[in-house]
1. Across the stretch 260-277, what is the number of residues that are open to solvent by 40 Å² or more (accessible area, probe 1.4 Å) and at pLDDT 90 or above?
2. For residues that are open to solvent by 50 Å² or more (accessible area, probe 1.4 Å) and at pLDDT 60 or above, scanning just the stretch 47-60, find the one that is farthest from Leu102 (Cα to Cα).
3. Filter the stretch 246-276 down to the residues that are assigned to a loop (DSSP other than H, G, I, E, B) and either touching a residue at least 60 places away in the same chain (Cβ under 8 Å) or more than 12 Å from Leu175 (Cβ to Cβ) (or both) and list them by number.
4. Considering every residue within the stretch 180-195, establish whether at least one is outside any helix (DSSP H, G or I), within 20 Å of the chain's Cα centre (by Cα) and either modelled with pLDDT under 90 or closer than 25 Å to His237 by Cα (or both).
5. Looking at Val257, Val218, which one is surrounded by 11 or more Cβ atoms within 10 Å (Cβ to Cβ), more than 25 Å from Leu50 (Cα to Cα) and of a type in the set (A, V, I, L, M, F, W, C)?
6. If you go through the stretch 75-90 one residue at a time, how many are open to solvent by 10 Å² or more (accessible area, probe 1.4 Å), under 16 Å from Trp114 (Cβ atoms) and either of a type in the set (A, V, I, L, M) or outside the structural domain of Gly38 (by the TED database) (or both)?
7. Quick one: in the stretch 211-245, of everything that is assigned to a strand (DSSP E or B) and among the small types (Gly, Ala, Ser), which residue is farthest from Thr196 (Cα to Cα)?
8. Since Lys6 meets every condition but one in (1) assigned to a helix (DSSP H, G or I); (2) surrounded by 16 or more Cβ atoms within 10 Å (Cβ to Cβ); (3) modelled with pLDDT under 90, which condition does it not meet?
Amino acid sequence: MRNKYKVALFRLNLLIVAGLLGYQAVTVAHPIDAGLLGLATVWLVVSALLLEFSHRRHAYRPWLMVPSILLASLLTLSPAQNSEWLWVWPCLLLLPQNQWMLVLNICLAGFSWWWLLGSLSLHHWLFAGAILSIFMLLAVAHSLPITQRQRSFLQRARLAPGLPLWPLAQLERDLPRETSRATRDGVHTELVLVQTSPLHLWPLAHHLCKLIHRFENVYHLNGRTLGMILTSTTSKHAQQRRNDMLEAIDHPVTVRVVQLSGLNSLSQALAALDKQAPSTHFVEGSA
């Protein structure tokens, strides 16, 4: 199934759940519960609307902390009325997430269960804790292999469907091959590092993908930096291409250019870019 159809189906599911939560927020009697359910509805709607543009980029962001915090608040502020929401925790643990997020969800689930002690009889509370622990262990055992596979996949996958936008791991694999190809074919090949603000990073990445040749790629290196391997016939042609690209960017960027034949280390080039003065354009090896 193509990515766009998966995204559309997932968005529809999120909107359906948002509608159900919104209905419950309107009909619930407790105003605090209504507020929390309303916030959860807004979160789901916003997530659904942003999904097409960021479905590969938000999976490990703090944005996913919001439902965990809302769920913990719902169980903490109104434990007697909302004890059934305790069973949502295993569902959250099924989702792919970073280790710190996994630990956070487990701690919040344990705290939510402990907080129910005053609302349940002791034997019901202990029984609920035992069942919850079993479900959570099953959820974690199921999600960890999926998370590892997803991370491995994302290291090899395009970051945006239909665009030549790749992660850092792909650039590390491409550099030796492109260096050998440049030496063999006698062409001028250079690594162009572009640093901008996080706000402009993804729009700039999409823009650069439209400016490069079909056989070239753009790489997402970190939260502020993009990279490109540009192949030109001569250094003069390469300079003209770079100038045309920079003129098409409508916000300040910091640029560092390294010819592949003179590239010692990608990490060194990135460190040099971080030390470079903002909004400057530097070509290593130039006079």
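1. 6
2. Leu49
3. Selection gives Ala248, Ile249, Asp250, His251, Pro252, Val253, Leu263, Gln276.
4. Yes: the stretch 180-195 contains one or more residues that are outside any helix (DSSP H, G or I), within 20 Å of the chain's Cα centre (by Cα) and either modelled with pLDDT under 90 or closer than 25 Å to His237 by Cα (or both).
5. Just a single option satisfies the conditions, and that option is Val257.
6. Counting residues in the stretch 75-90 that are open to solvent by 10 Å² or more (accessible area, probe 1.4 Å), under 16 Å from Trp114 (Cβ atoms) and either of a type in the set (A, V, I, L, M) or outside the structural domain of Gly38 (by the TED database) (or both) gives 2.
7. Among them, the one singled out is Ser232.
8. The one condition Lys6 does not meet is (2).
The values are calculated or read from the model by the stated rules, or taken from the named source; none is laboratory data. Quick caveat: nothing in here was measured; it's all calculated off a predicted structure. With ideal geometry, Cβ positions are generated from the backbone for all residues, glycine too; neighbour counts draw on all protein chains shown. Only protein heavy atoms, including side chains, enter the accessible area calculation; ligands, DNA and RNA are left aside. Shrake-Rupley method; radii C 1.70, N 1.55, O 1.52, S 1.80 Å.
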